[in-house]
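These notes are about the structure you will find just below.
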Amino acid sequence: MENITKLYGINFTGFKLHLLSTHALVVGPTALAGYLTQETCDPSFVLSDMDIFIPCGLWSYDKSDLMNIADFLMKAEFIVKYQISNNESLAKYVSTVICLTKGDKEINLIAVKCSDVIELITQEFDLSVCISWWDSKTERFNTLNPRLTKRKEMYKLHNILDSDDIVQRYICRGFKLVEPPCPIISIRDIREELTSEKFTGIEVSDILTLEDMPLKDFLNASEWNIIIKAGERYYAFERRTLSNYMKSKRVYINEEIRVIYETPLNQCISYNGLDSLSYADYSIFELVYDRSANTKQGIKSLFHVYCYSVKQWIEEDKTVIHHSFPKEISVSDTAILHAREVERRLRYGIAASPF
């Protein structure tokens, strides 16, 4: 950020102190360019304007916060180009805008109706790469999706018509529009360990296209791609396609197990197992046979689901998440439970038996 302030002819220390005292953040293109430079990536566009968001709470704010930063910039020879307050042309979350210029450089001081600027831009900005900011406390640039941003890939967060112009602007700056990332539960599996020799020579089968391909290539192609291991074979699936198929193949078992979901390979798993396929925390799923069950649609094979990140698979981690069915109660187990219940009822003087 210090290099950026030099381009604007601003004293870095004073700039940082003003942002710290007002909880303000540098956001948008300047922060994006700073983040890419910080991560040794070429921004490929020239910095000419800077947006500074100053939180002003939901209802009111201390105007001195805004004016103090404006005064600081005017002392650095910036001139007020215009000032707008509470105008219909402003975004719904903007209270006041002061635009200052010096030569070809422009700084917009924007008072926003929030107490948390990062939360605001995450909810309101239309494009993932625009959700970038400079944290004056850590003196680090941050962005919503570091992995994609470093690859100069972006995605829409809202289907807003006005966002098309913004998309084109960033395409001209060298960014590529991609589909939104897969959701996560807690930690995204970034699959860096796919270079491991453990995956060398492993082929996966796509039962829809009837093609075989290297496991590494398939998982590297998209985080929506997953592997299901059944027995000694590996199968390639796209998360959404597989999930939609299995939801159409739901089968009711009984009151204890309730509904199961069948894969194209005729293995049946629980709802929790099906749900886990949707999250980018996991990349490889192992199906382990449990038992068979009679249904109105015939005999179905029930399988436990073990969920692995790439790293967990390599390390054969025993703490992986797994989803299993309730233990099947045998005739002898039922008799034991019956005897215990009768004993309990006699002990506490309960005459009626539930059996």
message: Considering only the range 75-84, I want to know if a residue exists there that is of a type in the set (Ser, Thr, Tyr) and touching a residue at least 60 places away in the same chain (Cβ under 8 Å).
response: no
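State which residue is surrounded by the most Cβ atoms within 10 Å (Cβ to Cβ) when the search covers only the range 90-105 and only residues that are assigned to a loop (DSSP other than H, G, I, E, B) and over 32 Å from the mean Cα position of the chain (by Cα).
In the first step, residues of the range 90-105 are kept if they are assigned to a loop (DSSP other than H, G, I, E, B); the result is 90-93, 103-104.
Filter once more, so that each one left must be over 32 Å from the mean Cα position of the chain (by Cα): 103-104.
Details: GLY103: 10, ASP104: 8.
Checking each candidate, the answer is GLY103.
For the range 266-277, state whether one or more residues are within 20 Å of ILE187 (Cα to Cα), buried (at least 17 other Cβ atoms within 10 Å of the Cβ) and of a type in the set (Ser, Thr, Tyr).
Narrowing the range 266-277 to residues within 20 Å of ILE187 (Cα to Cα): 272-277.
Then keep just the ones that are buried (at least 17 other Cβ atoms within 10 Å of the Cβ); that gives 273-274, 276-277.
So of that shortlist, the ones also of a type in the set (Ser, Thr, Tyr) come out as 276.
Scanning the range 266-277, I find at least one residue that is within 20 Å of ILE187 (Cα to Cα), buried (at least 17 other Cβ atoms within 10 Å of the Cβ) and of a type in the set (Ser, Thr, Tyr), so the answer is yes.
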query: Of (1) modelled with pLDDT under 95; (2) in contact with an Asp or Glu (Cβ under 7 Å, 6 or more places away or on another chain), ASN142 satisfies all except one. Which?
result: (1)
- request: Could you list, in sequence order, all residues of the range 207-230 that are touching a Phe, Trp or Tyr at 6+ places or on another chain (Cβ under 9 Å) and not in a helix (DSSP H, G or I)?
  value: ILE207, LEU208, PRO214, ASN225, ILE226, ILE227, ILE228, LYS229, ALA230
query: Among the residues of the range 162-173, is there at least one that is outside the structural domain of ASP281 (by TED's automatic domain parsing) and under 21 Å from the mean Cα position of the chain (by Cα)?
result: yes
- prompt: Does THR143 satisfy the condition of being polar (S, T, N, Q) and either under 24 Å from SER309 (Cα atoms) or touching a strand residue (DSSP E or B) at 6+ places or on another chain (Cβ under 8 Å) (or both)?
  reply: yes
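I need the full set of residues from the range 1-50 which are acidic (Asp, Glu) and closer than 19 Å to CYS172 by Cβ, in order please. First the steps, then the outcome.
Going residue by residue through the range 1-50, those that are acidic (Asp, Glu) are 2, 39, 42, 49.
Answer for the range 1-50, where residues must be acidic (Asp, Glu) and closer than 19 Å to CYS172 by Cβ: ASP42, ASP49.
The values are calculated or read from the model by the stated rules, or taken from the named source; none is laboratory data. Just so it is clear, the model here is predicted, and its values are computed rather than measured. Don't worry about glycine lacking a Cβ; one is built from the backbone with ideal geometry, like all the others, and counts go over all protein chains shown.
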